[in-house]
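What follows is one structure encoded as structure tokens, with my remarks underneath.
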Amino acid sequence: MREGLISLASGSLFGAGLAISGMMDPSRVRGFLDILGNWDPTLAFVMGGAILVMALAWLIQGRMIRPAMAGQFNLPQTRKIDRNLVMGAAMFGVGWGLAGLCPGPAIGALVVEPVSAGIFVVSMIAGMAIHRAAKL
């Protein structure tokens, strides 16, 4: 129960941050990615803020024995950059550029723009299912 409440609070805070920052607005995201056209730099500040918060979190995590709300840290066990990582990152970037949404904001956008976000989310789930079926 406690983990569920912590997850709900964390997800709500994350979703509120996405909404306030404009990350759920596909036109703002596309404007940010349009560096040769009518570039909108506002999301650069969102990303910069996220990088600062994450840098601080890594510093704190390095000094902790275990997480405050879990038994152990679940950190990546490898730093290997392989074909799957590069292809996945490229597909993510292309999808983000085309749709103006990535998975987190898309889930939040279901409330604001259910039809367009719904198409994205259904396509995203289909892609995950295809990946799982192909065992790539």
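The values are calculated or read from the model by the stated rules, or taken from the named source; none is laboratory data. Computed from a prediction, not measured in an experiment: that's the story for all the values here. We place every Cβ from the backbone using ideal geometry, glycine too, and count neighbours over all the protein chains shown.
Starting from the range 35-49, keep only residues that are under 12 Å from GLY22 (Cβ atoms), then list their pairs with residues that are assigned to a helix (DSSP H, G or I) and charged (D, E, K, R) whose Cβ atoms are within a distance under 8 Å, requiring at least 6 positions of separation or different chains.
Every condition considered, the pairs that remain are ASP40/ARG28; THR42/ARG28; LEU43/ARG28.
Select from the range 38-54 the residues that are within 19 Å of LEU101 (Cβ to Cβ) and small (Gly, Ala, Ser) and write down the one among them that is surrounded by the most Cβ atoms within 10 Å (Cβ to Cβ).
Checked the range 38-54; the qualifying residue surrounded by the most Cβ atoms within 10 Å (Cβ to Cβ) is ALA50.
Just to be sure before I move on: is ILE65 part of a helix (DSSP H, G or I), among the β-branched types (Val, Ile, Thr) and more than 23 Å from GLY127 (Cα to Cα) in the structure I sent? It would help to see each step written out before you state the result.
Working: part of a helix (DSSP H, G or I): no; among the β-branched types (Val, Ile, Thr): yes; more than 23 Å from GLY127 (Cα to Cα): yes.
Judged against the criteria, ILE65 is not a match.
May I ask you to list the residues in the range 1-32 that are under 16 Å from the mean Cα position of the chain (by Cα) and either on the phi > 0 side of the Ramachandran plot or aliphatic (A, V, I, L, M) (or both)?
LEU13, ALA16, LEU18, ALA19, ILE20, GLY22, MET23, MET24, VAL29
Quick check, is ALA57 in a helix (DSSP H, G or I) and surrounded by 14 or more Cβ atoms within 10 Å (Cβ to Cβ)?
Working: in a helix (DSSP H, G or I): yes; surrounded by 14 or more Cβ atoms within 10 Å (Cβ to Cβ): no.
Here the answer is no, as ALA57 does not meet what is asked.
Looking at (1) farther than 29 Å from LYS135 by Cα; (2) among the hydrophobic types (A, V, I, L, M, F, W, C); (3) at pLDDT 90 or above; (4) not in a helix (DSSP H, G or I), which one does MET23 not meet, given that it meets all the others?
That leaves (3) as the condition not met.
How many residues does the range 1-37 contain that are in contact with an Asp or Glu (Cβ under 8 Å, 6 or more places away or on another chain), farther than 15 Å from GLU113 by Cα and surrounded by fewer than 18 Cβ atoms within 10 Å (Cβ to Cβ)?
Final tally of qualifying residues: 1.
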